[in-house]
Structures are given as C-alpha cells and as structure tokens.
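The values are calculated or read from the model by the stated rules, or taken from the named source; none is laboratory data. None of these values were measured; they are calculated from a predicted model. Here Cβ is always computed from backbone atoms with ideal geometry, including for glycine, and neighbour counts include all displayed protein chains. With ligands, DNA and RNA removed, areas are computed over all heavy atoms of the protein, side chains included. Shrake-Rupley method; radii C 1.70, N 1.55, O 1.52, S 1.80 Å.
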Amino acid sequence: MDLSDYRFTESHEWVQVREGLAYVGITDHAQEQITDITAVELPAEGKTVKAGDEIALVDSVKSTFSIFAPVGGKIVQVNESVVEDPSIVNTSPYGEGWLVAIEMSDPSEIDALMDESEYEELIAEEE
Amino acid sequence: MQDGQTVRLSPLDGMHASSGARMVEFAGWRLPVMFTSIIQEHRAVRERAGLFDISHMAQIIVEGAGTQGWLQSLITNDIRLAPPGRGIYTFLTNERGGVVDDGFVFHLPDGRFLLVFNASREPAVLEHLRSRLPGDVSVVARLDRGALAVQGPASAAIVQAVVPGAENLPRRGIAAAAIAGAPVWLSRTGYTGEDGFEMFFHSGHAESVWRALTASGESAGMALCGLGARDTLRMEMGYPLYGHELDETTSPFEIGYGWAVKLDKGVEFPGSEALRREKEAGPLRILAGLLPEGRITPREGCRVLCGGEVMGRVTSGTFSPSLERPICLALIASDARGEFEVDVREKQVPAQQTALPFYRPARGD
C-alpha cells in the first residue's frame with residue numbers, strides 16, 4: 001500500500017488530504033492491536049474540533065479506544081458504513097475504513113505530523 | 001506484577017510462541033490472550049470446541065486422615081456432595097462471609113483432594129488453608145503441573161477419541177486417565193457453560209497432551225483459545241471472576257450463588273455465622289445482568305444509576321459475541337427499583353436488567 005501522502009499521529013491516527021479535505025482513520029498497526037472492532041461511534045457532521053480532540057470511539061471485545069483529531073477544523077463527512085459494519089476498519093484501515101473527513105481550519109497543521117518512515121520508526125520503538 | 005517477582009511461564013509457553021498467540025500477563029503468568037480472534041475463538045466454543053491452556057490455575061493437593069472433615073469446616077459447600085470421583089464448586093470465605101476465593105474441590109478416586117483455585121489468589125488461599133491446618137492434613141501447592149480445558153459441544157467426541165470412555169464421565173466427575181501416555185486427572189468441568197473437560201497433569205507432559213488434543217480436535221474444527229474468549233464465555237454465563245465480581249468484601253449471596261453455601265450441613269466454617277445473618281436479612285447488593293443501549297460497551301468501574309442516584313458499579317463488561325451486543329455484570333443495591341442507567345464515558349446510557357445467564361447453551365443440564 002502506498003502511504004507516501006499519508007501523515008500519522010503518535011496516537012495512531014492517519015490523515016490524507018483528498019480534494020482539500022483531511023480524511024482521518026486509524027492505522028493498520030492500531031487496528032491490529034485493537035483486534036476485532038465491534039463498534040465505532042462517530043461525531044455529528046458539522047462539529048468543530050481542535051487537533052487532539054477526541055472525535056470517535058472504537059470498541060473491541062476487551063476495550064474502548066479514543067480516536068483523536070489529527071488536525072482541527074469542521075467535520076464535514078462521517079463514514080456511516082463503518083458504523084454499520086465496524087469490521088471494515090479491520091480489513092481496510094487506510095481505505096474504506098476511514099472515519100471522518102475534516103475541512104481544515106489550518107492546513108499547515110498537517111506538517112507537524114509524521115510521515116510513513118517516521119511512523120514506522122515509532123512502531124518499532126514501541127515494540 | 002509484584003516487586004521482585006518474575007513472570008511465571010506455562011509449560012506450553014514455547015508452543016504458544018510457535019502458534020502465533022498474542023500473549024498477555026495475567027495474575028503473574030504469561031498466557032495467550034488470543035490466537036486468531038477473540039470473537040472467532042468464542043464462537044468456536046459455542047458451536048464446536050476450543051482448547052484452552054489453564055496451566056495458571058492453582059493446583060493444591062490436600063491429603064491425610066483428617067482431610068474430609070477439615071475441608072468440611074472450611075468450604076461453604078458440602079464436601080459430602082463430592083464422593084471419590086466427583087468435584088464441587090465452592091467458596092472459601094473469611095469471618096465476615098466475604099469471599100477469599102472460589103474454585104473446585106475434587107475428591108480424587110485415590111482419596112486425596114485436588115483444589116483448583118484462581119492463580120491470582122493462590123497465596124491467599126494457601127494462607128487461608130495453612131493458618132488453619134491440623135496435624136493430620138497436608139497441603140501442597142503443586143508448581144510442577146499444567147492444565148488444559150477442552151470446551152464446547154464437540155468436546156466429548158474430541159476427548160473420547162484420546163480417552164476411550166471419557167464421554168461417560170458425569171458432570172463434575174473426575175477420573176484418572178492417560179493421554180498420549182501421560183497420566184492425567186480428567187474432569188467434566190469448565191468455565192464456559194458448554195459441555196467440556198479439564199485435565200491436570202505433570203508439566204513435563206504438557207506438550208504431548210496438547211498435541212494429542214489438537215490432533216483429535218482438528219477434524220471437529222476445534223480452535224485454540226486464549227484468555228480473551230475464556231472471559232467473554234464466562235461473562236455470557238454470568239460466572240464470577242475473582243477480582244471483578246468477587247473480593248473479600250463480597251459474599252456468595254450477593255452474586256446469586258447461595259446454592260453453593262450450605263449453612264445446614266452441621267459444621268460451621270469461617271463466615272458461616274455472618275452468612276446465616278445475611279441469608280436471613282437478604283443481601284444488600286445483587287449481581288445484575290445489564291443490557292446497555294448503544295454500541296459502546298460500559299467497562300468495569302462504570303457507575304450504575306437508578307433514579308439519578310448511584311446504585312452500584314459495573315464489575316465486568318464486554319461485547320457478547322453470541323448476542324452481538326454489549327453486556328455488563330454489575331453489583332447493585334438490592335433495593336434499587338426502576339430504570340437503570342450506566343455512566344459510559346460521561347454519557348448516561350439506559351440499561352435494561354436481564355436474568356442471568358445472558359446466553360443459555362444448548363446442552364441439557
């Protein structure tokens with residue numbers, strides 16, 4: 001999978017800008033650690049968030065995980081299909097398993113995030 | 001982990017590493033939490049069978065002339081319900097009637113007793129026993145043992161193939177058997193609600209017993225199962241787990257297990273007076289099954305409210321693979337009446353009380 005235009009957070013979210021919108025999801029490493037995802041709770045469309053705000057919950061059999069906004073702005077889309085079938089986040093974390101799309105208030109916030117190789121280093125350190 | 005202690009390894013630790021198990025530390029032991037997926041392992045046990053490493057369980061041998069009478073003066077259940085070749089579920093209680101631990105007392109066919117209790121409570125159980133030990137009884141915690149469980153509707157066929165006659169072992173029965181040449185104590189017990197067997201053996205035989213069972217279970221679709229599925233299976237049954245539903249301040253009556261407290265057996269035991277008073281007055285708390293609305297599972301510690309007042313707490317919460325929804329066990333005030341709500345991450349979610357178990361396996365008893 002080509003992740004060269006994805007950026008990553010230390011809390012294992014990814015963000016990719018598609019046609020000006022910041023699409024957000026959780027990383028493959030995160031879904032693997034969480035394992036069977038049983039529920040996803042997403043915010044209301046139109047909600048304004050700051051980078052670092054909790055925007056979603058991902059539930060597994062054993063635990064509930066908070067998902068944080070990698071960038072600030074307005075939530076303009078939420079992915080209802082992962083609410084219907086949370087296992088999509090396990091099977092396609094970087095694709096169909098995206099969670100929300102944010103209209104960024106400050107697109108330069110993306111520059112503070114990690115690129116793929118920096119994120120891989122972070123995972124290696126954690127393990 | 002407590003200071004200075006090293007983690008204890010199952011005799012199957014190397015086997016688990018090569019099976020790709022995800023390991024966790026539990027009660028001082030390193031054990032598999034899952035092999036493939038908690039949900040898949042759970043469903044395998046409900047529909048077919050699963051194999052669990054339960055080598056962490058404390059195995060304590062009690063023997064000597066006075067054993068039976070002494071155990072009768074310690075356990076809440078009635079030891080006479082366990083003639084040779086049978087086991088009983090029981091509690092050990094403190095003077096206040098609080099639970100020191102829960103577990104199985106097996107009366108082995110050779111006359112000795114095998115106590116199988118929680119790994120996390122092994123030191124407390126040993127202290128409880130040894131501080132009351134008479135001269136004609138010996139208590140030995142066996143550290144050189146392993147244990148496995150085969151659970152699920154196909155378990156009788158799977159075990160029968162390696163131990164001819166196993167399918168005739170009655171519920172709670174225990175017998176000497178051999179698996180792959182290794183001597184084992186084979187019991188018809190478990191912690192999943194399904195038909196099943198547990199086997200206890202010398203740790204040196206663990207790998208050969210494991211191999212024999214995995215080979216036998218293969219055609220039946222038996223899954224390797226970790227502690228994750230063990231926990232979701234027991235929660236669906238409303239079975240308590242020490243440290244969650246049980247502690248030294250919780251009584252058997254509060255969790256709805258009065259059937260394992262025999263106050264009329266003619267022998268007093270630690271806490272019997274307190275438990276008699278509690279039985280008469282009725283317990284102040286009860287263990288309730290709750291079905292919370294919404295998709296996010298309320299976890300242990302979440303407050304349970306009734307009429308806006310805190311009436312208790314969630315003791316265990318999980319996504320139930322059988323019901324495909326969140327379920328919770330909660331200790332709540334027994335006089336709480338009305339609609340319940342559970343505090344989940346700063347939201348109050350309505351929760352409907354339901355009779356336990358949450359899930360009723362198909363088997364007859």
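Things to note:
- Counting only protein heavy atoms and a 1.4 Å probe, the protein assembly as shown has 42 square angstrom of accessible area per residue.
- Partner chain coverage, peptide B:37-44 - average Cβ within 10 angstrom: 2
- Lys, Arg +1 and Asp, Glu -1 on Cβ, resulting dipole of region B:256-361 about Cα centre, debye, nearest 20: 240
- Peptide B:318-331 - average C-beta neighbours from other chains (10 Å radius): 2
- Under 5 Å, built H, 5+ apart or other chain: amide partners of A:Ser92: A:Gly97
- Rounded to the nearest 20 debye, the dipole magnitude of chain B is 440 debye, with +1 charges on Lys and Arg beta carbons, -1 on Asp and Glu beta carbons, and the Cα centre as origin.
- Under 5 Å from the amide H of B:Glu254 lies no amide H of any residue 5 or more positions distant or on a separate chain, with H modelled from the backbone and absent for Pro and chain starts.
- FRET efficiency, 1/(1 + (r/R0)^6) with R0 56 Å, evaluated for A:Thr48 and B:Arg211 via beta carbons: 0.40
- Computed from backbone phi with θ = phi - 60° and the Karplus coefficients 6.51, -1.76 and 1.60, the 3J(HN,Hα) list for region B:143-157 is 9, 9, 10, x, 8, 10, 10, 10, 10, x, x, 8, 5, 4, 5 Hz; x is used for glycine and proline.
- Loss of accessible area when A meets B, both sides summed, Å² nearest 100, probe 1.4 Å: 1500
- Karplus-derived 3J(HN,Hα), 6.51/-1.76/1.60, for each residue of region A:49-60, Hz, glycine and proline x: 10, 9, 4, x, 6, 6, 10, 7, 10, 10, 9, 10
- Using a probe radius of 1.4 angstrom, the carbon and sulfur fraction of the accessible surface of region B:284-356 is 46%.
- Farthest toward the positive end of the dipole of region B:284-356, out of B:Pro321, B:Val342, B:Ala288, is the Cα of B:Pro321, where the dipole comes from beta carbon charges about the Cα centre.
- Region B:152-223-region B:295-339 distance, computed between alpha-carbon centres (Å): 36
- Label separation (A:Ile110 vs B:Gln352): 4.7 nm, computed from points 7 Å beyond Cα along the C-beta direction.
- Toward the positive end of the charge dipole of the protein assembly as shown, with +1 on the Cβ of Lys and Arg and -1 on the Cβ of Asp and Glu, the farthest Cα among A:Ser105, B:Val304, B:Ala154 is that of B:Ala154.
- Remark: mean inter-chain Cβ contacts per residue of A:32-41 equal 5, using a 10 Å Cβ-Cβ cutoff to other protein chain atoms.
- Calculated [θ] (222 nm, deg cm²/dmol) that DSSP helices of n ≥ 4 give over chain B, each run adding -39,500 (n - 2.57): -5500 deg cm²/dmol
- When peptides B:11-20, B:115-124 are sorted by average Cβ neighbour count within 10 Å, with the highest value leading, the order is B:115-124, B:11-20.
- Using the Karplus relation 6.51 cos²θ - 1.76 cosθ + 1.60 with θ = phi - 60°, the per-residue 3J(HN,Hα) values for region B:276-282 come to 5, 5, 5, 4, 5, 7, x Hz, with x marking Gly and Pro.
- Extending 7 Å from the Cα toward the beta-carbon at both A:Ile123 and B:Ala281 defines two label points whose distance is 5.7 nm.
- Sites B:Glu248 and A:Ser87, calculated FRET efficiency, Cβ-Cβ separation with R0 35 Å, nearest 0.05: 0.30
- Aspartates and glutamates with Cα under 13 Å of B:Lys279, excluding same-chain neighbours fewer than 8 positions away: B:Glu254, B:Asp264
- A crude spin-label estimate for the pair A:Asp5 and B:Ser334, with each label 7 Å from Cα along the Cβ direction, gives 6.6 nm.
- Long-range amide H partners of A:Asp53 with built H, under 5 Å: A:Ala69
- Under a model in which nothing but the beta-carbon of Lys, Arg (+1) and Asp, Glu (-1) is charged, region A:6-126 shows a dipole of about 420 debye around its Cα centre.
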